[in-house]
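Note sheet for the following structure.
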Amino acid sequence: MIGIIDYRTGNSQSISYALEHLGVPHALVAKPGECDEVDRYILPGVGAAGVTMESLAQEGWIDHLNEKILGDGQPFLGVCVGLQVLFEHSAEGDVECLGWIKGSVHEFDRSQVRVPHMGWNNVEVRGDHPFSRSFTPDGYYYFVNSYFARPTDDVSLVGVTTYGQEFAAAVAHKNIMATQFHTEKSARAGLQVLKAFCDLDVNDLKDLDAR
């Protein structure tokens with residue numbers, strides 16, 4: 001069962017509509033106590049990293065997710081702000097984030113590009129993580145973001161795009177995956193990525209731990 005984390009700044013309903021369209025069983029979960037049948041998680045996001053982290057902390061999600069994702073190895077997908085909070089620190093509100101992936105989140109240079117970055121952008125696929133195989137080669141996906149993630153190294157990068165500068169469009173590390181673009185708003189290409197996450201064989205992800 002897919003659990004869509006339903007917190008106050010997320011766009012959980014949009015992800016739910018997309019999964020309904022794909023015929024994927026799922027549930028909106030507002031508290032960790034509602035997750036008895038959940039075996040993989042989606043964290044959507046619209047809004048600021050600081051508010052997202054505060055909301056997750058207030059409902060007890062951080063400890064729960066650390067246990068289920070880092071401890072038990074359950075698959076996780078972050079979308080938009082759901083990608084940014086995976087990193088160690090965000091300049092948006094100067095907030096410490098989950099720290100599951102090494103790196104930080106920065107604001108676009110407003111003197112160089114229009115902010116927010118909004119619209120369709122090409123994504124260049126990188127790496128050999130199973131998640132990267134779901135991307136359409138040189139496909140276009142829909143972005144709405146004022147901040148971007150910068151991993152410490154390129155190991156976790158599975159997709160990059162350019163808006164004034166190159167930045168992480170998608171990342172993956174073992175059972176942790178995320179897209180800066182909105183899968184649910186990126187037409188067929190985005191739904192393909194979303195469905196691939198839902199269908200990923202957990203054993204394939206466990207094989208990554210042995211590398």
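Before moving on, here are some points about what is shown:
- Restricted to region 99-159, the set of strands (runs of 3 or more DSSP E) holding at least 1 residues that are under 14 Å from the mean Cα position of the chain (by Cα) comprises 103-107, 140-145, 147-151.
- Residue match in region 80-99 (condition: open to solvent by 30 Å² or more (accessible area, probe 1.4 Å), touching a strand residue (DSSP E or B) at 6+ places or on another chain (Cβ under 9 Å), at positive phi and of a type in the set (Gly, Ala, Ser)): yes
- Looking across region 52-77, the residues that are closer than 29 Å to Pro116 by Cβ, open to solvent by 50 Å² or more (accessible area, probe 1.4 Å) and of a type outside the set (D, E, K, R) come down to Ala57, Gln58.
- Exactly one residue out of Leu86, Leu70, Leu77 is touching a helix residue (DSSP H, G or I) at 6+ places or on another chain (Cβ under 8 Å) and not β-branched (Val, Ile, Thr), and it is Leu77.
- Residues of region 149-188 that turn out to be open to solvent by 20 Å² or more (accessible area, probe 1.4 Å) and of a type in the set (Gly, Ala, Ser), as a count: 2
- Considering residues of region 121-147 that are of a type in the set (Phe, Trp, Tyr) and touching a residue at least 60 places away in the same chain (Cβ under 8 Å) only, the residue least open to solvent (accessible area, probe 1.4 Å): Phe131
- Of all residues in region 31-80, those satisfying the criterion of being part of a helix (DSSP H, G or I) and under 13 Å from Ile5 (Cα atoms) are Pro32, Gly33, Glu34, Thr52, Met53, Ser55, Leu56, Ala57, Trp61, Ile62, His64, Leu65.
- Within this structure, Val123 fails the test of being under 27 Å from Lys195 (Cβ atoms) and touching a Cys at 6+ places or on another chain (Cβ under 7 Å).
- Odd one out for Leu86, checked against (1) within 24 Å of Ala189 (Cβ to Cβ); (2) modelled with pLDDT under 95; (3) part of a loop (DSSP other than H, G, I, E, B): (2)
- Boolean, Asp204 is open to solvent by 40 Å² or more (accessible area, probe 1.4 Å), part of a loop (DSSP other than H, G, I, E, B), of a type in the set (Asp, Glu) and at pLDDT below 95: no
- Hits in region 40-55 (condition: within 29 Å of Asn203 (Cβ to Cβ) and in contact (Cβ under 8 Å) with a residue 40 or more places away in the chain): Arg40, Ile42, Leu43, Pro44, Gly45
The values are calculated or read from the model by the stated rules, or taken from the named source; none is laboratory data. None of these values were measured; they are calculated from a predicted model. Glycine gets a Cβ as well: all are built from the backbone with ideal geometry, and neighbour counts include every protein chain shown. Ligands, DNA and RNA are excluded from the accessible area calculation, which covers all protein heavy atoms including side chains. Shrake-Rupley method; radii C 1.70, N 1.55, O 1.52, S 1.80 Å.
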